Amino acid sequence: MLILNRRRFLQVGSLASAAVLMPKFLKALETGALVPPGNKVLVIVQLSGGNDGLNTIIPYRNDIYYRSRPALGIKRETALSLNDDLGIHPSLDGLKALYDDGSLGILNNVGYPNPDRSHFRSMDIWHSASKAEEIWSDGWVGRYLDAQCNGCDKPTQALEIDDTLSLALKGEHNKGLALTDPGRLSNTSNDRFFKDLLQQHAHEDEHHNVEYLYKTMGETISSAAYIQQQFKTYQSKENYPGTELGRNMRTIANLIMSDINTKVYYVSHGSFDTHVNQQDQQARLFKQLSDALTVFTGDLKKNNRFQDVVVMTFSEFGRRVSQNASGGTDHGTANNMFLIGGALKRQGVLNDGPDLMNLKDGDLQYKVDFKSVYATLLDKWLGANDKMILKSDYAKLDFI
Amino acid sequence: MPVVAKKLEMQHLAWRAGFGETLPVISDWERRRRKEIVNKVLIGPKRAELESIDVINATDLPDYRRSKDMTAEQRKTVNEMNTQGIKDLSVAWMNMMQKSDHPLREKMSLFWHGHFACRTQNVLFNQQLISEIRNNALGNFGDLLTAVSKSPAMLQFLNNQQNRKQHPNENFAREVMELFTMGRGHYAETDIKEAARAFTGWGFDEDGQFVFREKQHDDGIKNILGKSGNYNGDDVLKILLEQKQTATFITTKLFKYFVDDTPDDTLIQSLSEKFYHSGYDIKTLMREIFMADWFYDSKYIGNRIKSPIELLVGIRRTVPMAFEQEETMLVFQRILGQMLFYPPNVAGWPGGRSWIDSSSLMFRMRVPQVILYSQVLNVRPKELTPEMGDGGNYKMTLQINDFLKRQFAKKVNARIDWDPYVQGYADVPRENLADTIAGVLLQQPGNIKKTLLEKYADTSSREGYIKTVTIDVMSTPEYQLC
């Protein structure tokens, strides 16, 4: 009995009665770890549409910044101060708190050589982790699955909280699974007809694509059941915001707090495509982001899981340094990334802020290749072979 | 080589050279010689003047030269015309695929639409490009290549408007070599640089007409693929077509699209020789494929994953239907990952297994139920992002996203014309119905057991039985294949 951890115990017994009949010594564990520590998780938050990094982490002592953005610049006194040179957008007060608390790392000037300013091509590059001049049809998280999950019993190592799957999660052989609501996924895949189909398909087919489809269908049905079962074991008591991102972060938290084998969660937030009237739109989206992450990180802390989670945010590009005529900004290049977690080795502002003196055609020049961030997370956090997954050897960073 | 029944052969041809045919059509084909049917498929009906899918006249749109002087109101109108126009174009083309009596032309066009992948938010440019593609889809590849390369859509998309003597932009030259003709690894970086010089001056005017801007053209000597001369863009295309590698590259891609994901090098070599020596006649190449015995090998039959457009059009060709809102098709396209006029990148849709993941497969299997039982569409497609770098057109994308969003949790209302379909089974005895339906809809009919179909069938009437069995057969993994 004692060698079973509490999670297993709950699964073995009936859930409802277990709660009532739970022995006192187990109840005492309620405030302790739900899941054995060391089960590391990466949560990727995609800021879709090209978030304006300059108004995210604000170089509030820089005259060029204010000259380039007479109307759009965030005033020094409103920005939340991080250090002598940089402040953070006032709507990101939750992230400021994480910064004060030593749980936030800010990486500036992240990008890649020969940046592409088209949304979809640029997003492709971030998703596939290809070089700008290459086109790859699979994603970096997908290739992580290829490397880690051959013959995985439960192919739920990477989940996207969405109705459709992003390129990032599509590997050559393995793909992540997209779901918005574990209940809905389980209902859909529980269709009696589908289950009967699966059952009647027993033989090996000479047509490899028939096998592939049945394998995908079978995995979906069993994964849906597994996710739903895990999902039910923990329901957060925290008050998540009623926004889409808030709901999605709650789903992620519930799963992280269960004993599920998922290593990577993927969620999108947007759209940050702010060509006109940027200020209101960005502030609204930032507030949603900040509020959702505040509750999420609080939830993890309370359950002693914050040490095992890293949240990474990214956007396909930053915006131009100068504001445009419509009170917005056009597509730019280098940008910042947030890294959040209870186990960061380095925190705070991790490198120099934007160098507005050395622009290229009016755009920031990148200093850190985003693939280095991927390599660091794959290698140091997920314990995977980053060189194989990224098909190149990128320098590792020291934030974890 | 395992031989399959003639009926299955003809169904195979109907799917690969089109979007499937109904039982009466297949029964007719079955009685004729292969050569006769292949000819019919290749040439189409005699009277066929190409039916255009135009949705807008150049004169309907305001003068683009004046776009800088436009008022906000006028600009909004133009954006709306573009948004609506591209939606209309997508709907019109899908309808054409559904009803066309020359489906191979649409099928080939769909192939070229992915091969010459391009995004533009200008409805007129889109319309011109798709028209060139459809006109040349079964003609000469050199003509097609030239027409596409000179289209404003492509010149804009690949930045050749910015390719000037003083500041060459290599994007266009690179993609022409890498994606349109030879494929990676068969030329050097210097070939791209030199070809880019030859393409300098190729551009378009505000009316969407190709122009050669002589002042921006570099008329010096260029060295391309071992040849040198005072080349212009047309010369580069000619040089690229002289390379046998171009024939090999195109043939390989066509083989993967029309035959199998795994290329067979021996077959491809022989096909591409013939293609090259025919002077790149596409019809000749396709005849070679469709006439060959190996094309009807059982290992190829029913082993290809339908693209989302093939799946949707296939259902609609089988059971004719009209949607209350035809634009709903855009939502299906978006969820399934193939939106016409919005290829994922310059390389087009990768195809094959990339169409399938957990969510897309589950949705594909639910499509027949969603449409034919008018179920609620409870999948939210991902947002689209605007394409071009500047902000001028992004409102238009917001409008499309808004449209996609509004379809959530709505019922899909379609007027379904079941009669001709049900009629097609008039001669089939009741006890054979389930197997016959599976036999027509699936290329591997033996896989789905009759007992399973019976279990879920509406047995209260013959018509109800045919309908429910049809929908269930269409909801199987096997139906994803052709």
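Every number here is computed from the coordinates shown, using simple stated rules; none is lab data. If you're wondering where the values come from, they're calculated on a predicted model, not measured in any experiment. Reconstructed Cβ throughout: ideal geometry from the backbone, glycine too, with neighbour counts over all protein chains shown.
Tabulated data for the structure shown
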{"item": "Sorted by Cβ neighbour density within 10 Å, fewest at the top, the residues B:Arg406, B:Arg353", "result": "B:Arg406, B:Arg353"}
{"item": "Which listed pairs, of A:Lys175/B:Lys411; B:Lys46/B:Lys107; B:Lys40/B:Lys107; A:Lys154/A:Lys232, have C-alpha distances above 22 Å, in listed order", "result": "A:Lys175/B:Lys411"}
{"item": "Of A:Lys367/B:Lys405; A:Lys75/B:Lys382; B:Lys283/B:Lys449; A:Lys40/A:Lys387; B:Lys256/B:Lys382, pairs whose Cα-Cα distance is over 30 Å", "result": "A:Lys367/B:Lys405; A:Lys75/B:Lys382; B:Lys283/B:Lys449"}
{"item": "Proportion of all alpha-carbon pairs of chain B beyond 31 Å (%)", "result": "47 percent"}
{"item": "Ranking of A:Thr156, B:Thr451 by count of other Cβ atoms within 10 Å, fewest first", "result": "B:Thr451, A:Thr156"}
{"item": "The stretch B:150-228: Lys pairs at Cα distance under 20 angstrom, eight or more positions apart or on different chains", "result": "9"}
{"item": "Derived scalar couplings ³J(HN,Hα) [the stretch B:301-307; Karplus, 6.51 cos²θ - 1.76 cosθ + 1.60; whole Hz; x for Gly, Pro]", "result": "6, x, 10, 9, 7, 5, 6"}
{"item": "Equivalent ellipsoid, the stretch B:200-324 (semi-axes from 5 times Cα gyration tensor eigenvalues, Å)", "result": "38, 25, 11"}
{"item": "Cα shape, the stretch A:145-240, gyration tensor, a/c 1.5 rule", "result": "oblate"}
{"item": "Among A:Ala147, A:Ala325, A:Ala283: highest mean-square fluctuation, GNM of chain A, C-alpha pairs under 10 Å", "result": "A:Ala325"}
{"item": "DSSP bridge pairs, the protein assembly as shown: antiparallel proportion in percent, nearest 5", "result": "55 percent"}
{"item": "Global form of the stretch A:40-390, assessed from the alpha-carbon gyration tensor, a/c cut-off 1.5", "result": "prolate"}
{"item": "Helix-only [θ]222 nm of the protein assembly as shown, DSSP H runs n ≥ 4, -39500 (n - 2.57) each, per residue, nearest 500", "result": "-13500 deg cm²/dmol"}
{"item": "Antiparallel DSSP beta bridges within the stretch A:40-390, as percent of all bridges there, nearest 5", "result": "40 percent"}
{"item": "Cβ-based exposure ranking for B:Phe212, B:Phe332, in which fewest neighbours within 10 Å come first", "result": "B:Phe212, B:Phe332"}
{"item": "Cα gyration tensor shape of the stretch B:72-121, rounded if a/c is under 1.5, else prolate or oblate by comparing a/b with b/c", "result": "oblate"}
{"item": "Residues with amide H under 5 Å from that of A:Ala384, placed H, sequence gap 5 or more", "result": "A:Asp379"}
{"item": "Cα centroid of the stretch B:241-309 to Cα centroid of the stretch B:12-49, whole Å", "result": "19 Å"}
{"item": "Rg/Rh (Cα only; Kirkwood hydrodynamic radius) as it applies to the protein assembly as shown", "result": "0.97"}
{"item": "Gap separating the Cα centres of the stretch A:133-175 and the stretch A:58-106, nearest whole Å", "result": "35 Å"}
{"item": "Convex hull volume per residue for the stretch A:67-112, taking Cα atoms only, in Å³", "result": "113 Å³"}
{"item": "Computed over the stretch B:1-149, Kirkwood Rh from alpha-carbon pairs, angstrom", "result": "17.7 Å"}
